[in-house]
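Report on the structure given below.
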Amino acid sequence: MSASTTRPYRGVFPVVPTIFHADGTLDLPGQLRCVDFMIDAGSTGLCILANFSEQFVLSDAERETLTRAILGHVAGRVPVIVTTTHYSTQICIERSQLAEALGAAMVMVMPPYHGATFRVSEGQIEGFYQRLSDAISIPIMIQDAPVAGTPLSVPFLARMASTIANVKYFKLEMPQAAAKMRELIRVGGAAIEGPWDGEEAITLLADLDAGATGAMTGGGFPDGIRKIFDAFHAGDRETAVVEYGRWLPLINYENRQGGILTAKALMKEGGVIQSDAPRHPFPEMSPETRAGLLDAAKRLDPLVLRWGK
């Protein structure tokens, strides 16, 4: 089962960071260079406007600007997943319809939530995804993430996959994701078109063993993630284990230290972009964290450190 840019989508689909100037305004030329690098680095596909894209600091107008610019620039070179999460069913539908009209291959959507306490019942969640599915014709990836604070049981996910036409992909990013993935595949069967790994690949090897057919990681080193993913799906688990061991310090540094800003820090170091600034009030990466990140990266020589030089 190799990487695939047509359905069923398989492979490494990293999240594209949003590129800002130092003053916090969008840097569209830098954004497009970022996309070009990520494709050159071996991304099977891309995901935009996710949490690792700092989507929570973007206005609706900026979201549309980025969706149009990135999909237009990619121009079908790789499939693009657009994150369209919103508490409102109608707003999520409108975002998703625009993404589909502009050429998105899939939308990724968390269950409706707001803040620490605004949640809805399983019945309302199921209705949310049913209405979304009825309004579009491309696949929906349910993002099952702790940030939503919404428990999504395996029977519930499997039922939605079986009864809602476009709900076919699932990004699992919680502790013990592999166990949940294995059970979801067992219960959902053929209705589970895409069980995917998330959380910056920190659980990638276990998730591959559990049956993951895709990986949505950070955007800084898709070339490294491909070494693991491709070897595993070529039937060479031993090489995948060795490569996972090689890249794990950097994977761990992103997941546990650098976080959302990791990809941009690496891209700035490699001349891909000019500024790796977040948008206030998100805190900048400390010099100490940056030094540790670059130390881990330079030991592996990923393309990101050479692409723009």
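Select from segment 221-253 the residues that are aliphatic (A, V, I, L, M) and touching a residue at least 24 places away in the same chain (Cβ under 8 Å) and write down the one among them that is surrounded by the most Cβ atoms within 10 Å (Cβ to Cβ).
Among those that are aliphatic (A, V, I, L, M) and touching a residue at least 24 places away in the same chain (Cβ under 8 Å), it is ILE225.
Looking only at segment 38-52, which residues are assigned to a helix (DSSP H, G or I) and crowded, with 23+ Cβ neighbours inside 10 Å?
If the condition is that a residue be assigned to a helix (DSSP H, G or I) and crowded, with 23+ Cβ neighbours inside 10 Å, then MET38, PHE52 are the ones that fit.
Can you give me the number of residues within segment 53-72 that are assigned to a loop (DSSP other than H, G, I, E, B) and touching a Gly at 6+ places or on another chain (Cβ under 6 Å)?
0
Just to verify a result, which residue in segment 1-25, among those that are in contact with a Ser or Thr (Cβ under 7 Å, 6 or more places away or on another chain) and in a strand (DSSP E or B), is farthest from VAL78 (Cα to Cα)?
PHE20
Given the criteria crowded, with 21+ Cβ neighbours inside 10 Å and either small (Gly, Ala, Ser) or closer than 22 Å to PRO79 by Cβ (or both), does GLY218 qualify?
So GLY218 fits the description; yes.
Looking only at segment 259-295, count every residue that is part of a helix (DSSP H, G or I) and either crowded, with 20+ Cβ neighbours inside 10 Å or under 20 Å from the mean Cα position of the chain (by Cα) (or both) and tell me the total.
Counting residues in segment 259-295 that are part of a helix (DSSP H, G or I) and either crowded, with 20+ Cβ neighbours inside 10 Å or under 20 Å from the mean Cα position of the chain (by Cα) (or both) gives 13.
Restricting the search to segment 113-172, which residues are in a helix (DSSP H, G or I), in contact (Cβ under 8 Å) with a residue 40 or more places away in the chain and surrounded by 17 or more Cβ atoms within 10 Å (Cβ to Cβ)?
Listed by number, the list holds a single entry, LEU132.
Would you check if there is a residue in segment 75-82 being touching a residue at least 60 places away in the same chain (Cβ under 8 Å) and among the aliphatic types (A, V, I, L, M)?
yes
Identify all residues within segment 32-69 that are without any contact (Cβ under 8 Å) to a residue 60 or more places away in the chain, out of contact with any helix residue (DSSP H, G or I) (no Cβ under 8 Å at 6 or more places or on another chain) and under 16 Å from GLU100 (Cα atoms); write none if there are none.
Listed by number, the list holds a single entry, ARG68.
Check whether at least one residue in segment 206-221 is closer than 20 Å to GLY42 by Cβ, in contact with a Pro (Cβ under 7 Å, 6 or more places away or on another chain) and aromatic (Phe, Trp, Tyr), and report yes or no.
Yes, the conditions are met somewhere in segment 206-221.
Which one is surrounded by the fewest Cβ atoms within 10 Å (Cβ to Cβ), of the residues in segment 198-215 that are within 22 Å of VAL147 (Cα to Cα) and touching a Gly at 6+ places or on another chain (Cβ under 7 Å)?
Among them, the one singled out is GLY214.
Counting just the residues of segment 1-26 that are among the polar types (S, T, N, Q) and modelled with pLDDT under 95, which one comes out surrounded by the fewest Cβ atoms within 10 Å (Cβ to Cβ)?
Filtering segment 1-26 for residues that are among the polar types (S, T, N, Q) and modelled with pLDDT under 95, the one surrounded by the fewest Cβ atoms within 10 Å (Cβ to Cβ) comes out as SER2.
Going by the structure shown, is THR83 closer than 18 Å to VAL16 by Cβ and crowded, with 17+ Cβ neighbours inside 10 Å?
Criteria met by THR83.
Matching residues to (1) at pLDDT 95 or above; (2) among the polar types (S, T, N, Q); (3) farther than 21 Å from THR83 by Cα:
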| site | (1), (2), (3) |
| --- | --- |
| ILE136 | yes, no, no |
| ASP144 | yes, no, no |
| VAL147 | no, no, no |
| PRO155 | yes, no, yes |
| SER162 | yes, yes, yes |
| LYS168 | yes, no, no |
| PRO175 | no, no, yes |
| ALA178 | yes, no, yes |
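The values are calculated or read from the model by the stated rules, or taken from the named source; none is laboratory data. Quick caveat, the model's predicted, so the values are computed rather than measured. Cβ sites come from the backbone with ideal geometry, for glycine too, and all protein chains shown count toward neighbours.
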